[in-house]
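The values are calculated or read from the model by the stated rules, or taken from the named source; none is laboratory data. These numbers were taken from a predicted model, which means no experiment stands behind them. With ideal geometry, Cβ positions are generated from the backbone for all residues, glycine too; neighbour counts draw on all protein chains shown. Ligands, DNA and RNA are stripped out before the accessible areas are found, and what is left, the full protein with its side chains, is counted by its heavy atoms. Shrake-Rupley method; radii C 1.70, N 1.55, O 1.52, S 1.80 Å.
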Amino acid sequence: MKSKVSKVFELEFLNFVNHYIKSNGGKGPKTTEVRFLGDTIVYIIRGILTEREKKLIQSPEGQRVVVEARRVFLEMDKEHRIAKFEEFLGCKILENYESWNLEKDSASAVLLLDRNL
């Protein structure tokens with residue numbers, strides 16, 4: 001299915017995501033990919049770990065600490081983050097899912113919107 005989202009909007013969204021992550025999390029990702037699928041947005045960010053986190057994840061306890069710290073931060077920031085994303089997108093986010101792959105230094109998010117973009 002070919003997306004109807006323009007390349008300009010795609011680039012603007014990528015810049016928005018990168019800027020949001022950097023200004024609210026302290027470190028932006030090295031790369032970001034996005035897919036627009038009707039009423040769903042999937043984005044993958046790579047190069048998300050700090051040098052400290054890279055050292056921590058070398059042990060099982062460190063992995064648990066990194067995942068838990070990121071989970072708590074996302075939960076604390078969720079209301080603000082969703083509001084900013086809705087403002088940028090011009091629509092409501094009905095569902096939001098996030099996941100990390102620490103070994104690959106990446107994360108992904110899925111946003112289900114109230115309408116097609």
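Summary table
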read-out: Subset of region 30-45 that is part of a loop (DSSP other than H, G, I, E, B) and open to solvent by 30 Å² or more (accessible area, probe 1.4 Å) - its residue that is farthest from Lys84 (Cα to Cα); value: Lys30
read-out: Residue list for region 61-117, filter: open to solvent by 50 Å² or more (accessible area, probe 1.4 Å), acidic (Asp, Glu) and not in a strand (DSSP E or B); value: Glu61, Glu68, Glu75, Glu79, Glu87, Glu103, Asp114
read-out: Residues of region 1-36 that turn out to be at pLDDT below 95 and in contact with a Ser or Thr (Cβ under 7 Å, 6 or more places away or on another chain), as a count; value: 1
read-out: Any hit, region 46-55, residues being part of a strand (DSSP E or B), modelled with pLDDT of 95 or more and surrounded by 12 or more Cβ atoms within 10 Å (Cβ to Cβ); value: yes
read-out: Any hit, region 19-29, residues being surrounded by 12 or more Cβ atoms within 10 Å (Cβ to Cβ), in contact with an Asp or Glu (Cβ under 7 Å, 6 or more places away or on another chain) and in contact (Cβ under 8 Å) with a residue 24 or more places away in the chain; value: yes
